[in-house]
Amino acid sequence: MCSASSDFGQFSGCAAGAHVLSGNVFEPRALDELIPNWRQEDSPIRVPVSSDKFWLLTKNQAWTLPSPFDNKGNYVISLSQLVRWMGTKAEELGVEVYPGFAASEILYDENQIVTGVATNDVGIAKDGTKRETFQPGVELRGRITLFAEGCRGSLSEKIIRNHKLRERGQGQHQTYALGIKEVWEIEEGKHKPGSVIHTVGWPLDTKTYGGSFLYHLDDRQLAIGLVVALNYRNPFLSPYDEFQKFKQHPAVRELLEGGTAIQYGARTLNEGGFQSIPYPVFPGGAIIGCSAGFLNVPKIKGTHTAMKSGMLAAEATFKSLVEGSSMELYWENLKKSWIWEELHKARNYRPAFEYGFIPGMALSALERYIFKGKSPYTLKHGRPDHEATDTANLHVPIQYPKPDGQITFDVPTSLYRSNTNHEHDQPPHLRLRDPTIPEQVNVPLYAGPESRYCPARVYEYVSDEKGDPKLQINAQNCLHCKACDIKDPKQNIEWTVPEGGGGPGYTVM
Ligand SMILES: Cc1cc2nc3c(=O)[nH]c(=O)nc-3n(C[C@H](O)[C@H](O)[C@H](O)COP(=O)(O)OP(=O)(O)OC[C@H]3O[C@@H](n4cnc5c(N)ncnc54)[C@H](O)[C@@H]3O)c2cc1C
Ligand code: SF4
């Protein structure tokens, strides 16, 4: 999030990068343009991709398929570490960085032009009274405000809605996936720096889009994660438990045995691609990065496009401030940039899986090897993720195995590893638009899916005095993944920023 007049300020968790979770196989294209000599600097980009494998998993087998990825020249990194490094670089250039402050409000002038953001008040108790630590929020005003909150940004979504930017852009709704990730320290003999493996298939069923990643960093570290598209239909599915199951696959378990899980986290990512790009300019500013949805799904990469969109917006901002030109220049240059070309080429991969796993794989192969992004059609996305959930009577509950405490873990153990921290005595940052919907709709129709899709077990049904289920929200556990804001069947949950820098404390994600 940055608000600019002549300089930029950026906010995130209690330290730059503390809320950032990614894979991450990093394509350096945008960084090469931004800092051409970065390779001579002491950056956390140290591990070039050394091999690229693609597995189809069945319950007990891993079949090697031709890899659809081309990661030559890319690097395996921790994005939270790269963000921290870039935060320092920005400060060296005189940029003011304010980690620990969350923007909670969009400021407008009398003509409805965005003039900046305000941070929320700090030190308000649950009951609304002021605690000893009270500090009023501050207004940060600028001639241009750029919103860079990542996937499903809480303020960016308001701007998109209020200014009807989706209708003005490519027109379709955004679609999402939830990524659940751990970083492990594995045994020396099993560690191959730069090795990249992606998998599809087990444990996900053929109607659920998703897959896993295993990236070998340096220092014996392994990033392992499962990405599950949020248009899954079975309300009994638990992405967290699917991830635990995935780690039990013989080919994966073997890699983890003897190792130690050191960090856990979760975050949503955009999957709408080209069809879902909103018009990213509004009076007073623009939206950049994953808040606008520039992730390339078949590559599973959005870091390079987020960075490039920030560069294009910064150039348009500079011209606007110095020469008085319009921010429309950002949109025009975006359409001429390699982001546009990449996303256009990649546009049919994700919607192809609307027809199921096998047709999806077949259509993807057609796109990659025959049409090479020049297919004469553009496929449409299916229903929005919150509408895709079936009612519970169409499915049977899924019985997930109990965690073994070595390779698979319960949620409290994982949460401890996410370093999540929120001030307990603060107004809830997860708001129910209608407090009766959980008990009156979500339980009877969908068997309370929020208790399963949330990877931090923030939503728990407990029995009230009559023995009826009552929703309890453990907001202090929230990982800020935004899945609840997306997947709640009635769109009844509003994710808002909590006090200050509350949230996960990622260091190697
Ligand atoms: C599991 C997973 C795997 C991925 N793998 C890869 C990969 O291998 N390669 C790749 O290139 N990409 C990958 N991506 C995508 C990549 O992480 C994103 O495209 C990229 O991080 C987007 O950058 P961004 O700056 O737009 O948003 P983010 O990186 O999400 O950063 C947004 C920042 O804004 C902060 N913020 C949000 N709201 C506010 C607010 N209101 N006030 C103040 N601060 C706020 C957040 O805390 C965060 O620090 C992956 C994503 C996931 C989830
Ligand atoms: S409460 Fe919502 S945003 Fe927080 S961890 Fe759970 S699903 Fe994610």
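Would you mind computing, in nm to one decimal, how far apart the modelled labels at Ile35 and Thr378 are, each placed 7 Å from Cα along Cα→Cβ?
Simple spin-label model gives 3.6 nm for this pair.
Listed highest first by mean packing, meaning other Cβ atoms within 10 Å per residue, what order do 324-336, 406-418, 17-29, 191-203 come in?
The peptides rank, most packed first, as 17-29, 191-203, 406-418, 324-336.
Cross-link partners among aspartates and glutamates for Lys130, C-alpha distance below 20 Å, same-chain residues fewer than 8 apart left out?
Lys130 reaches Glu105, Asp121, Glu139, Glu423, Asp425, Glu499.
Out of Gln476, Asn492, Gly503, whose Cα points farthest toward the positive end of the dipole of region 465-509 (charges: +1 Lys, Arg; -1 Asp, Glu; placed on Cβ)?
Asn492
Using a simple charge model, +1 on the beta-carbon of Lys and Arg, -1 on the beta-carbon of Asp and Glu, nothing else, what dipole does region 231-318 show about its Cα centre, in debye to the nearest 20?
So the magnitude is around 80 debye.
Which of the listed residues, Ala286, Pro359, Gly310, is farthest toward the dipole's positive end in the chain, when Lys, Arg count +1 and Asp, Glu count -1 at the beta-carbon?
Pro359
Please figure out what share of the DSSP beta bridges in the chain is antiparallel and state it in percent, rounded to the nearest 5.
If I count the DSSP bridges inside the chain, around 85 percent turn out antiparallel.
Which of the lysines could a cross-linker span from Lys192 if the Cα-Cα distance has to be under 17 Å and same-chain partners fewer than 8 positions apart are dropped?
Lys53, Lys72
Using the Cα centre of region 367-417 as origin and beta-carbon charges of +1 (Lys, Arg) and -1 (Asp, Glu), tell me which of Ser375, Ile398, Leu415 is placed farthest towards the positive end of the dipole.
So the residue we want is Ser375.
Would you pull out the residues with amide H under 5 Å of Glu271's amide H, same chain only if 5 or more places away, H placed 1.01 Å from N?
Thr175, Tyr176, Ala177
Apply 1/(1 + (r/R0)^6) to the Cβ-Cβ distance of Lys335 and Tyr108, taking R0 = 25 Å, and write down the FRET efficiency to the nearest 0.05.
E between Lys335 and Tyr108, to the nearest 0.05, is 0.35.
For the modelled label position 7 Å from the Cα of Asp205 along Cα-to-Cβ, which residues of region 396-414 have backbone nitrogen atoms closer than 19 Å?
396-401
So, with +1 on the Cβ of K and R and -1 on the Cβ of D and E, and no other charges, what is the size of the charge dipole of region 356-509 about its Cα centre, to the nearest 20 debye?
Here region 356-509 has a charge dipole of around 880 debye.
On a full-extension model of 0.36 nm per residue, what is the gain between Trp63 and Arg433, subtracting their alpha-carbon distance, rounded to one decimal in nm?
Full extension of this stretch gives 128.6 nm more.
Which aspartates and glutamates does Lys181 reach when only Cα atoms under 16 Å apart count, and residues fewer than 8 places away in its own chain are ignored?
Asp241, Glu242, Asp410
Once you charge only the Cβ atoms, +1 for Lys and Arg and -1 for Asp and Glu, what is the size of the charge dipole of the chain about its Cα centre, to the nearest 20 debye?
1560 debye
Based on the Kirkwood radius over alpha-carbon pairs, what value in µm²/s does the Stokes-Einstein equation return for the translational diffusion coefficient of region 417-480 at 4 °C and 1.567 mPa s?
101 µm²/s
Which shape class, rounded, prolate or oblate, goes with the chain when its Cα gyration tensor gives a ≥ b ≥ c as root eigenvalues, a/c under 1.5 marks rounded, and past that a/b bigger than b/c marks prolate?
In terms of gyration-tensor shape, rounded.
At what distance in nm do the modelled label points of Ala125 and Lys158 sit from each other, each positioned 7 Å from its Cα along Cα→Cβ?
2.7 nm
Just to confirm a number: summing +1 for Lys and Arg and -1 for Asp and Glu over residues other than Thr119 whose beta-carbon lies under 13 angstrom from that of Thr119, what do you get?
Net charge in that neighbourhood comes out at -3.
Near the amide H of Val122, under 5 Å away, which other amide H atoms are found, from residues 5 or more places off or on another chain, if H is placed in the peptide plane?
Gln135, Gly137
Can you give the local net charge around Arg220? Use residues other than it whose beta-carbon is closer than 12 angstrom to its beta-carbon, Lys and Arg +1, Asp and Glu -1.
-3
Go ahead and run the numbers for FRET between Ile398 and Glu92, Cβ-Cβ distance against an R0 of 41 Å, rounding to 0.05.
0.20
Which entries of Lys245/Lys482; Lys466/Lys487; Lys336/Lys372 show an alpha-carbon separation above 26 angstrom in the structure shown?
The answer is Lys466/Lys487.
Going highest first, how would you order 467-474, 392-399, 486-493, 268-275 by mean Cβ packing within 10 Å?
Averaged packing, sorted descending, gives the order 268-275, 486-493, 467-474, 392-399.
Can you give me the P(r) profile for region 195-309? Cα pairs, bins 5 angstrom wide beginning at 0, each as a whole percent.
2, 9, 17, 19, 17, 15, 10, 6, 3, 1, 0, 0
Quick one: net charge around Ala392, please, counting Lys, Arg +1 and Asp, Glu -1 for every other residue with C-beta under 12 Å from its C-beta.
Around Ala392, the surrounding residues sum to +1.
Based solely on its DSSP helices, what 222 nm [θ] is calculated for the chain when runs of n ≥ 4 H residues each add -39,500 (n - 2.57) and the sum is averaged over all residues, nearest 500 deg cm²/dmol?
Value at 222 nm, helices only, nearest 500: -6500 deg cm²/dmol.
Bear in mind these aren't lab numbers, they're just calculated from the coordinates by the rules spelled out. Please read all numbers here as calculations on a predicted model, not as lab measurements. Cβ atoms come from the backbone with ideal geometry, glycine included; neighbour counts cover every protein chain shown.
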